[in-house]
Every structure is written in structure tokens, then in C-alpha cells.
Amino acid sequence: MRRRPWRRTFFVDLFLLLFVLLLVLFVLRVAFIGGDAEVRVKRSAELPLRFSSDGGFKILQVADMHYGNGLVTRCRDVLPSEAARCSDLNSTLFLKRMIEAEKPDLIAFTGDNIFGTSATDAAESLFKVFRPAMESRTPWAAILGNHDQESTMTREELMSFISLMDYSVSQANPSGFVVDGYGNYDIRVHGAWGSGLANTSVLNLYFLDSGDRAMVGGVRTYGWIRDSQLTWLHTISEELQSRYPAPALSFFHIPIPEVRDLWFRGFVGQFQEAVAFSSVKSGILQSLSSMGDVKAVFIGHDHLNDFCGKINGIWFCYGGGFGYHGYGRVGWPRRARVISAQLAKGKKAWMGVETIRTWKRLDDDKLTKINEQLLWSNDYLPSGTLYV
Ligand SMILES: *[C@@H]1O[C@H](CO)[C@@H](O)[C@H](O)[C@H]1NC(C)=O
Ligand SMILES: *[C@@H]1O[C@H](CO)[C@@H](O)[C@H](O)[C@H]1NC(C)=O
């Protein structure tokens, strides 16, 4: 065979050139761009959200992540033997494992996502909290608790920042309404592809800002849901129900006073600490009762309570403390709640929602599943049936 030296040099040169180019790109990226600061448009979740082809839609509730700065932020209330090797990264690891185990269609972060006083830079901490959701490309929605704004961002800034993050379906506020707070929005979940309800919302999710702290008559108390928010909620619920009678779920951070009475009336799960609510009684319970579509409300705030109880025909469920930098109870594992809605099977295609169930998982070796219960069913099954 005849050799063609010119060709070899050509390929060698080309290879060298490519190599140098890649090296320059790499150095540039490491030196000047670096991870999160990269400028690009938001990666959006596929909208509208919809039930999958197996007729299910699953929500993972993450209550009270209480994130600080990551590796350097220590865990609270863990065994002395665990303390040295425990940080915010354990909360991240738990979230990753939950996503892997449950493969949720939506993650709902119900406030105190960052623990403001421990978070040096709110933006940095927000990236750290939500990273597992973004990396797994899971649509996610967040609302604020009473601690989120204690770092370097106001509540308004936090919600607009959160709404711009990858795969976030969160919104600052509804357009066309003037409402108190930041983070009042609804999410519609459409029926399965190929069904007659493919273009119809068959499950509605209402997210509300329950505020942070307030001074009422010279006394410090927590925030509450204001009339302007209830007006919006009534309007949107009425509009949605006029199109299709979909069940709805609601999410906010601070419990309402009536949750305390469940101590005497019964609950599923554990009631281990006083319910911390605002001294101002909001009209939210009356609103939810008169709207009629909301079947369950998911709250956070009290990390040692993880129970569900029924008030005026509506379930109120705590998520149970998730994050390791939030207070907890030594030996009582951090936990997460899962909410699972299932469509009814028609002769040829999926129909509307038939059941809504919930359970929790503990952050132990097996992610032990506990307290599975039926929250609502479309008239076929007795409501409140327990599957433990
Ligand atoms: C935190 O994570 C580390 C590293 O994965 C692990 O060794 C440790 O057991 C975890 N601690 C707790 C309390 O889960
Ligand atoms: C839903 O909308 C799409 C696109 O507009 C349309 O092709 C489809 O027929 C609609 N399906 C139903 C059940 O209305």
C-alpha cells in the first residue's frame, strides 16, 4: 500500500485542533461560567400536567426542608453518634431517594424550604433545595413558610425567583387579581392522553401563601390567609367547577386553629406537638367548605405532627418534618408524604378521578411506608377507610 503522508498530517492536525478547542472551551467554562451562573432560558415542564397512561398522578409533599448552606449546615435533633456526619446533604439525599422510589409526577414543597437565618445567600440555598427536583426533571411547585424570607430575599423576590427555576410550575400570583402575599396559584391536572378528558382539568391544586409573622393588637403571631386570597380562590374554584366537577387539593404552610381540635376527634398518624397557628381566625375553612371541591389540605410548619384528620368533611394532613436542619425528635425519622390520585377505568379509556390516597415514607434504610389511607373516592368506596 502506498502511503499518503499529507493525509496523515491533515488528520493529526485536525485532531490537535479539535483537542485544543475542547481544552479552551473547558477552561473557559470552569473559569468563567461555573454551574448555576450559566445564562440560559428556563427549562419548562411539559404543560399542562396530566395523568399518566396508567391512570395515576402522584404528588410528593416535602414539608419544611429548612435548608441552610449545604455541607456546612449541621443537622438538628439526630442521635449523638449521627451528628458528626450529618448535614443539609442528608436532606438532599432523602429527597433523591424519595424521587427514585416514588417517581412523583409533581413535588409540592410546602414552605420553610430554606431556613433563612442559616442561609447566607438565599439564591444559592434555593438552588440546593430544589436541585434534585430539577435534575430529575420532575415538575415542582413551592410556596413559602415563615422562615424563607429571613435570608437575603424578600417574599416577593423568593416567589419570582422560584417561578423562574427549571421545571418549576410555581407562580408568584394569579394575573388579573390583587391578592395579599406571594405564591397564590392554581395548577390544573388534565385527564390521560387519548381519553375524553384529555383537555379537561380533572384534578385542581390550589397553592396559598399563609404568610410569615404578624403583630396583632401588639401581640406577635403567625400570618393567616387573607380575604383577598379567599376571593381569588372562590372565583377560580367556581370557574373550574363550571367546566368539570373535578376534586381539588390545597397546599399551604401554617395550620388553621381547628386542626388542634383533632386531638379529641381522631386522626391517623402522630400528634406530638402543639399546633402553631395564627391568633387571627382566617375564613379559609368556611371558604373551603362552601366551595366543595377541596377534599384535602396539606400543611407543614409543625415538624413533629404528621397526622391527617377530617374537619367539616375535609382532610387536613401534615407532611411531617422532612429536612435535617429543621427541629425534629431524636430517634423519630424524618419523613415525607405521598398523595396518589387514580382515574376510574372506563370501557375504552380513562375517566375522571376515582380515588385519592395518601401515605408517608420514613428516611430509614427501606424508606418504610406507613399510614396508607384513602382520603376520597368518587362515591364507590366508603370514605376514610384505613389501609395501614
Ligand atoms: C447522613 O448521610 C451520611 C452520608 O451519606 C450517612 O453516613 C449518615 O448516616 C446520614 N445521617 C443520617 C442521620 O441519616
Ligand atoms: C384535545 O385537543 C387536541 C388538540 O387541540 C385535539 O386534537 C383533541 O381532539 C382534543 N381531545 C378531546 C378529547 O377533546
>> Can you find, within region 209-259, the residue that is nearest to Cys308 (Cα to Cα) among those that are β-branched (Val, Ile, Thr) and touching a helix residue (DSSP H, G or I) at 6+ places or on another chain (Cβ under 7 Å)?
In response: Ile256
> What helices (runs of 4 or more DSSP H) completely inside region 1-107 contain at least 2 residues that are out of contact with any Gly (no Cβ under 7 Å at 6 or more places or on another chain), over 22 Å from Asp306 (Cβ atoms) and at pLDDT below 95?
Replying inline: 5-28
> Cβ-Cβ below 6 Å, separation at least six or inter-chain, first residue in region 169-180 and charged (D, E, K, R), second part of a loop (DSSP other than H, G, I, E, B) and surrounded by 17 or more Cβ atoms within 10 Å (Cβ to Cβ): which pairs?
Replying inline: Asp180/Arg226
> Out of (1) surrounded by fewer than 21 Cβ atoms within 10 Å (Cβ to Cβ); (2) assigned to a helix (DSSP H, G or I); (3) among the small types (Gly, Ala, Ser), what's the single condition that is false for Ser237?
Replying inline: (1)
> What residue, among those in region 353-380 that are in a loop (DSSP other than H, G, I, E, B) and closer than 14 Å to Leu343 by Cα, is modelled with the lowest pLDDT?
Replying inline: Tyr380
> From the set of residues in region 87-103 that are touching a strand residue (DSSP E or B) at 6+ places or on another chain (Cβ under 7 Å) and acidic (Asp, Glu), which is nearest to Ser118 (Cα to Cα)?
Replying inline: Asp88
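Conditions (1) over 30 Å from Gln241 (Cβ atoms); (2) buried (at least 23 other Cβ atoms within 10 Å of the Cβ), marked per residue:
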| site | (1), (2) |
| --- | --- |
| Lys281 | no, no |
| Phe298 | no, yes |
| Tyr318 | no, yes |
| Phe322 | yes, yes |
| Tyr327 | yes, no |
| Ile339 | no, yes |
| Trp350 | no, yes |
| Ile370 | yes, no |
| Asp379 | no, no |
> Do you know which residues across region 257-287 are under 27 Å from Asp180 (Cα atoms), touching a Leu at 6+ places or on another chain (Cβ under 8 Å), outside any loop (DSSP other than H, G, I, E, B) and of a type outside the set (D, E, K, R)?
Replying inline: Ile284, Ser287
>> Condition (residue is among the aliphatic types (A, V, I, L, M), within 16 Å of ligand 1 (Cβ to nearest atom) and more than 18 Å from Glu258 (Cα to Cα)) applied to region 357-379: is it met by at least one residue?
In response: yes
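The values are calculated or read from the model by the stated rules, or taken from the named source; none is laboratory data. Predicted model only: the values in this text are computed from it and were never measured. All Cβ positions, glycine included, derive from the backbone under ideal geometry; neighbour counts span all protein chains shown.
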